[in-house]
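Just below is one structure, and these are the notes that go with it.
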Amino acid sequence: MKRSMITVFLLFAVLFSCLLPSSVYAEKSPSPILYTYYRQMGWGDRIELAYVDSNGDLWVLNGHDSELHWPYNAEEQLQFLAENKFEAIGRLKHDDLFDLESLVYTVEKSDAPSYSAACDAGTERTYAVQYDRDGHAEAILLGMSGDDCFENPDPNAQGLYLAARKLFPDVTCYAGLMGPVGFIPVSIVDFCKLGDITGATVKAWYIDCESGPSEISLSQKDQSLILSDVQNCMVTGKVSAIDTTGGYRDYSFYRGDNCLGSISIYNGLLYRSDGMYSIERKS
């Protein structure tokens, strides 16, 4: 099955000319694509640093600001990451790195304001890093927590911020009123604007990248199970900005000849025009 970036522009202009994916430059110089840090300045000078590079390697470094001299400027921070020795703690699988990179390449800046939320809790910040054709880096702020808070509302940013938390759980961060809210779970019905599909007829197709769609025969029991799943599942966040040419199933819901809407499922993820979203059944 073939996988591609979400648009032709991203596939050709981004991957091969504007932004440098790991497949282009990783062997020569793996560069940070996602980094997070915590700085404590109220009750000490603790610094906790972590990043993912373009090879998918995970790196961490902890210490004190009086010794590390961690910069405040994002450009200087990227230089620090490149020039200092970090501890390797693992490597992402190829598909996981591909999904992460897809979010990095498509995340957008936000001009949402930051705000003060605490005093002497320290501040955590998380950035995605994009590169132009000349290798110049731009750090895009995804979120801040602690003394100062900020949230980039782009679903790509929310996915990346959550990924950083999962990849580096030991980097101090804060939730609740002291950190980003994140993607708010919403029902598949509402997210896909399906309306009332109770008792609807379900039709399904398997989409193959070479042979195209083939209809799947569904019994009444199959249809009832699908309706139950759709009506009781929540969309919980964006995990990839990847487009795919096949390997997914389309489900359409009908009342008589009227189509109420459709959804696509790829490897257990909700597939939309802008990428893939995780889904969970209501507890």
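The values are calculated or read from the model by the stated rules, or taken from the named source; none is laboratory data. Not measured: the values here are computed from a predicted model. Don't worry about glycine lacking a Cβ; one is built from the backbone with ideal geometry, like all the others, and counts go over all protein chains shown.
So here's what we get for this one:
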quantity: Matching residues, segment 18-43, being at pLDDT below 90 and either surrounded by 18 or more Cβ atoms within 10 Å (Cβ to Cβ) or in contact with an Asp or Glu (Cβ under 9 Å, 6 or more places away or on another chain) (or both); calculated: 18, 19, 20, 21, 22, 26, 41, 42, 43
quantity: Test result for residue 246, touching a residue at least 60 places away in the same chain (Cβ under 8 Å), not acidic (Asp, Glu) and not in a strand (DSSP E or B); calculated: yes
quantity: Scan of segment 44-67 for residues that are aliphatic (A, V, I, L, M) and in contact with a helix residue (DSSP H, G or I) (Cβ under 8 Å, 6 or more places away or on another chain), ordered by number; calculated: 47, 49, 50, 52, 58, 61
